[in-house]
Each structure stands twice: as C-alpha cells, then as structure tokens.
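The values are calculated or read from the model by the stated rules, or taken from the named source; none is laboratory data. As the structure is a prediction and not an experimental result, all values here were calculated from the model. Every residue, glycine among them, receives a Cβ derived from its backbone with ideal geometry; neighbour counts consider all protein chains shown. Only protein heavy atoms, including side chains, enter the accessible area calculation; ligands, DNA and RNA are left aside. Shrake-Rupley method; radii C 1.70, N 1.55, O 1.52, S 1.80 Å.
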Amino acid sequence: MAKLTAVVVALAAGVVSAYDNGLGATPPMGWNTWCTDDLCGVLDRCTEAEVKSIADAMASNGMQDLGYDYILLDDCWAAQERDADGRLAGNAKQFPSGMKAMADYVHSLGFKFGLYTCVGTYTCKQHRPGSYGHFDIDAQTFADWGIDFVKADYCYHPDNETAVDQYTALSQALNATGRHMLFSTCEWGEEEVWSWGGDVAQMFRVQADHLPFWRFPQDAAGQGFGQGTKEIIEWMAHLQPSQWTAPYSWMDPDFLMTLFLENETIGDYTPMTFIESRTEFSFWSLWSSPLILATDPRDMSEAKKSIILNKEVIDIDQDPLFRGGDRIYNSETGAQIWSKPLANGDIAVILYNSGNVATLPIKVTWEMLGWDKTASVTLRDLWAHEEVSANLPGGFAAKIGPRDVRMLRLSQSA
Ligand code: GLA
C-alpha cells in the first residue's frame with residue numbers, strides 16, 4: 001500500500017522516481033549477443049573472437065560516434081559450473097583469455113562492457129549457474145572484472161520470493177561493491193515492473209522476449225500482447241510510456257532486431273523487413289527506450305545502416321526532455337498517431353499504419369498536439385531527411401503504407 005501511495009503521489013506530481021548511481025542518465029545504447037530464441041551458442045556470437053570483431057566494427061563504422069557505447073554479453077557466456085571458490089567463470093572455450101581480459105579489450109576501444117546473470121538458480125538457457133544465493137559474491141566478481149552493466153533474468157526464481165525483493169537485493173549487492181554498474185532487470189513485466197523498476201534499476205524489461213518478426217503469438221514467459229514488433233507497440237500504448245520514463249528509469253521493450261539476418265527465413269517465419277525494422281526503430285526512439293541491437297553490426301548493408309545510423313531519429317531517443325512518447329490517436333482502420341514533446345519545444349510525431357494491407361491516409365492537426373490551429377509549423381521528415389510542407393490548414397496529412405511510419409519533427413515558428 002505504501003508503494004502504491006508513493007507511486008500515486010509521484011504521478012500526481014508528474015515525477016517518475018528513478019534510481020541514480022551515476023549511470024543511465026540517458027537511454028543506454030549498444031549491442032547485445034542475444035539474437036533470438038533457441039539459438040544459444042549458434043547465432044548469439046558469444047565468443048571472444050566474435051565479440052572483439054563486433055567491438056572493432058562498432059568503433060569504426062560510426063556507431064560509437066553516435067553513442068552506441070555498451071557491448072553486452074547475454075546468456076551463454078558462463079561456464080556450466082562455478083569455480084573452486086564459488087565464483088562465476090567464463091566458458092573457457094568461448095573466452096580463452098577470461099572475462100577480465102574481454103572487459104579490458106572492450107574498454108581499450110572506449111566502450112563499456114556488460115554481462116548477464118539471473119536472479120534464479122539457473123540462467124534461462126542450458127542450466128548455467130544463476131545468482132540466487134550468490135548475489136554478493138557475483139556482484140563482487142563483476143566489479144573485479146571491471147563490468148559496467150549487469151542484466152538479470154528471471155528464470156528458475158524461487159516461487160516464495162517476489163521479483164521486487166530479488167531485484168532490490170541484487171541491486172544493493174551491486175552498489176555495495178562501490179563500482180558503478182548499470183542494472184537492467186528482466187522479469188518480463190510479470191510483477192508490473194514499470195511501477196517499481198526505476199527504483200532499483202536504470203532499465204527494466206516490460207514484457208516477454210521480442211523475436212525478430214512483425215507478428216508473433218506469445219510463446220515465452222511474461223506479460224505483453226505477443227513477441228512481434230506490432231504487438232509490442234500495442235503493449236506500450238497500453239502501458240503509456242510517459243508515465244514511467246525518466247532519466248535512470250527506462251522502459252525496455254527488449255532488443256532491436258533491425259533487419260535481423262537481412263530477410264533470410266527462420267523456419268516458417270520471415271524476419272522483419274526494411275519497413276518493419278524502420279518502424280521498430282522509430283518507436284523505440286519515441287519511447288526513449290534503450291537502443292540495444294541484437295542484430296549483427298558488421299558488414300551492414302546500406303539499408304541497415306540507414307536505420308541504425310540515423311542520427312535524427314537517435315536524437316529523438318536521446319532528447320534531453322527524456323519523455324516517453326504516447327499514442328494520441330487510434331482508429332479502427334489501423335491509423336495511429338503518437339507524439340513526444342522535446343526539450344526545445346518541438347514535438348516528435350509518428351504517423352503509423354498498423355494494418356497489413358491497405359495504405360491509409362493519416363492526418364495530424366496542430367490542435368491534437370496542444371498547439372493553436374493557426375500556429376505556423378515547420379516539419380522535418382526524419383527518415384527522408386528533408387523539410388516537408390504543412391499541406392492542410394492547421395495540420396499535415398500523408399498516405400502511409402501497411403506497417404510503415406512517417407516520423408516527423410514539428411517546430412512552431414514565431
Ligand atoms: C530470457 C530473456 C532474454 C534472454 C534469454 C537468455 O528469455 O528474457 O532476453 O536473456 O533469456 O537465455
């Protein structure tokens with residue numbers, strides 16, 4: 001009850017409580033080994049050689065300059081057993097030089113380095129050791145290795161303890177080391193993490209795993225409407241990102257799957273196309289969510305670069321007002337409008353067609369954005385990288401293809 005009261009008071013005051021240990025003032029950006037379900041050790045690129053080559057690529061392909069500064073290992077980096085002193089160890093075949101050396105290499109290129117663990121007894125894949133009962137020693141091991149970011153999963157957690165208790169305890173253990181580590185919870189939204197995640201961690205997963213598809217009926221643990229991009233967009237509309245987003249408190253809808261495998265099929269499914277990937281990136285940015293890629297950033301196609309390296313859209317993600325954008329219009333036809341106020345008084349707007357077949361006309365008016373209908377407004381198209389003209393009195397209309405967006409930055413002129 002005390003927690004609920006605190007949340008209500010915080011909301012009434014327009015404040016989101018947030019956990020500040022010095023890291024996570026802006027939405028984290030980077031790359032993570034995890035790619036998709038059931039490909040652990042096959043497609044997760046979790047070896048010393050692969051991680052080095054990915055870090056090298058990110059240092060030279062423009063990503064680091066744009067702020068992608070976390071290199072993160074997900075599940076599958078650890079040995080099957082703890083060492084003789086009860087400490088976690090890296091898998092010696094995958095990381096022959098050890099985890100400290102891996103961290104040193106990543107740091108030498110100017111990146112930060114993160115590892116995955118689990119608050120349960122095992123990690124989610126292949127029964128690697130989880131941190132349950134070992135929070136202090138694991139936190140100290142991470143600190144000793146020079147880790148900057150810890151993600152904690154929720155598999156095999158004890159049924160008689162709550163997520164908030166487990167994550168609070170691990171958060172305290174990390175802090176007690178004296179090393180600042182960004183803490184990322186991953187309890188899949190099961191215990192409504194949006195209402196407490198920002199108190200113990202700087203980012204919190206709000207739903208089941210995102211898979212690299214547009215639609216995917218839910219198959220994994222956690223809340224949400226499904227594991228595809230479209231379903232995550234609907235789930236975020238339901239949660240209303242503006243309520244829970246603040247510096248040191250980022251809603252994590254999971255990794256970006258941008259042009260995952262560049263259109264090869266996976267079983268019966270085709271991974272997200274260019275348009276679907278562009279839509280995904282637009283929304284994650286509108287929500288001020290972490291931009292953490294699960295896709296391979298090496299040898300990127302021009303199409304993939306045009307998404308991942310789009311500074312104008314990244315600027316929306318990192319905008320210093322740090323607001324999560326919300327849906328402001330939703331039609332039965334599938335036409336939607338989303339908006340996010342920006343620090344300089346501009347507003348970012350997404351015109352989104354959530355349907356699969358028909359092209360839809362979508363119209364935003366200045367009044368929908370809280371501006372006067374006579375306002376003089378300039379518009380910039382953040383994917384076309386050009387100015388567009390207000391084509392209606394008091395508004396703008398465009399035809400949007402299925403699953404596509406028009407992402408705009410609107411400024412009022414004096
Ligand atoms: C869970 C998490 C994923 C990933 C895998 C690793 O499914 O939700 O993000 O970390 O475990 O096993």
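Quick one: is residue 180 more than 14 Å from the ligand (Cβ to nearest atom) and touching a residue at least 12 places away in the same chain (Cβ under 8 Å)?
Values: more than 14 Å from the ligand (Cβ to nearest atom): yes; touching a residue at least 12 places away in the same chain (Cβ under 8 Å): yes.
So residue 180 passes the test.
Being within 16 Å of the ligand (Cβ to nearest atom), within 24 Å of the chain's Cα centre (by Cα) and either open to solvent by 40 Å² or more (accessible area, probe 1.4 Å) or modelled with pLDDT of 95 or more (or both) is the requirement here; does residue 22 meet it? Spell out how you get there, then give the answer.
On the way: within 16 Å of the ligand (Cβ to nearest atom): no; within 24 Å of the chain's Cα centre (by Cα): yes; either open to solvent by 40 Å² or more (accessible area, probe 1.4 Å) or modelled with pLDDT of 95 or more (or both): yes.
Criteria not met by residue 22.
Looking at residue 226, is it out of contact with any Gly (no Cβ under 6 Å at 6 or more places or on another chain), within 16 Å of the ligand (Cβ to nearest atom), at pLDDT 95 or above and in a loop (DSSP other than H, G, I, E, B)?
Numbers: out of contact with any Gly (no Cβ under 6 Å at 6 or more places or on another chain): yes; within 16 Å of the ligand (Cβ to nearest atom): yes; at pLDDT 95 or above: yes; in a loop (DSSP other than H, G, I, E, B): yes.
Considered against the rule, which asks whether it is out of contact with any Gly (no Cβ under 6 Å at 6 or more places or on another chain), within 16 Å of the ligand (Cβ to nearest atom), at pLDDT 95 or above and in a loop (DSSP other than H, G, I, E, B), residue 226 comes out as yes.
Would you please name the residue that is surrounded by the most Cβ atoms within 10 Å (Cβ to Cβ), looking only at residues in region 202-216 that are assigned to a loop (DSSP other than H, G, I, E, B), under 12 Å from the mean Cα position of the chain (by Cα) and within 12 Å of the ligand (Cβ to nearest atom)? Don't jump to the end; show me each part of the working.
Keep residues of region 202-216 that are assigned to a loop (DSSP other than H, G, I, E, B), which gives 202, 206-216.
Checking the rest, the ones that are also under 12 Å from the mean Cα position of the chain (by Cα) come to 202, 206-207, 209-210.
Those still in the list that are within 12 Å of the ligand (Cβ to nearest atom) too: 206-207, 209-210.
Numbers: 206: 28, 207: 26, 209: 21, 210: 26.
Only one residue fits best here, namely 206.
Among all residue pairs at least 6 apart or on different chains, which show Cβ distances below 8 Å where the first residue, located in region 152-166, is more than 15 Å from the ligand (Cβ to nearest atom) and of a type in the set (Val, Ile, Thr) and the second is modelled with pLDDT of 95 or more and open to solvent by 50 Å² or more (accessible area, probe 1.4 Å)?
As it stands, the answer is 162/191; 164/191, since those pairs meet every condition given.
What's the number of the condition residue 350 fails, among (1) under 24 Å from residue 363 (Cα atoms); (2) in contact (Cβ under 8 Å) with a residue 60 or more places away in the chain; (3) open to solvent by 50 Å² or more (accessible area, probe 1.4 Å)?
Failed condition: (3).
Which of (1) open to solvent by less than 30 Å² (accessible area, probe 1.4 Å); (2) more than 18 Å from residue 95 (Cα to Cα); (3) within 16 Å of the ligand (Cβ to nearest atom) does residue 114 not meet, given it meets every other one?
So residue 114 meets the others, but not (2).
Looking only at region 120-147, filter to residues that are open to solvent by 20 Å² or more (accessible area, probe 1.4 Å) and part of a loop (DSSP other than H, G, I, E, B); which one of those is farthest from the ligand (Cβ to nearest atom)?
133
Just give me the residues in region 383-403 being in a strand (DSSP E or B) and either surrounded by fewer than 11 Cβ atoms within 10 Å (Cβ to Cβ) or within 32 Å of the chain's Cα centre (by Cα) (or both), in sequence order. Walk me through it before giving the result.
Of all residues in region 383-403, those in a strand (DSSP E or B) come to 386-388, 392, 395-400.
Selection gives 386, 387, 388, 395, 396, 397, 398, 399, 400.
Can you pull out the residues in region 174-197 that are open to solvent by 10 Å² or more (accessible area, probe 1.4 Å) and part of a helix (DSSP H, G or I)?
Answer for region 174-197, where residues must be open to solvent by 10 Å² or more (accessible area, probe 1.4 Å) and part of a helix (DSSP H, G or I): 175, 176, 194, 195.
Being crowded, with 21+ Cβ neighbours inside 10 Å and not in a strand (DSSP E or B) is true for just one of 355, 324, 345. Which residue is that?
On the way: 355 fails: crowded, with 21+ Cβ neighbours inside 10 Å; 345 fails: crowded, with 21+ Cβ neighbours inside 10 Å.
Just a single option satisfies the conditions, and that option is 324.
With respect to residue 140, is the statement that it is out of contact with any Asp or Glu (no Cβ under 7 Å at 6 or more places or on another chain) and more than 22 Å from residue 175 (Cα to Cα) true?
Working: out of contact with any Asp or Glu (no Cβ under 7 Å at 6 or more places or on another chain): yes; more than 22 Å from residue 175 (Cα to Cα): no.
For residue 140, the condition - out of contact with any Asp or Glu (no Cβ under 7 Å at 6 or more places or on another chain) and more than 22 Å from residue 175 (Cα to Cα) - is not met.
Just wondering, is there one or more residues in region 407-414 that are part of a loop (DSSP other than H, G, I, E, B) and open to solvent by less than 30 Å² (accessible area, probe 1.4 Å)? Break it down stepwise before answering.
The initial filter retains those residues of region 407-414 that are part of a loop (DSSP other than H, G, I, E, B), namely 413-414.
If we keep only those that are open to solvent by less than 30 Å² (accessible area, probe 1.4 Å) too, we end up with none.
No.
Considering only residues that are among the aromatic types (Phe, Trp, Tyr) and in contact with a Gly (Cβ under 8 Å, 6 or more places away or on another chain), look in region 238-255 and name the one that is nearest to the ligand (Cβ to nearest atom).
Filtering region 238-255 down to residues among the aromatic types (Phe, Trp, Tyr) leaves 244, 248, 250, 255.
If we keep only those that are in contact with a Gly (Cβ under 8 Å, 6 or more places away or on another chain) as well, we get 244, 248, 250.
Working: 244: 19, 248: 21, 250: 15 Å.
For region 238-255, the residue satisfying everything is 250.
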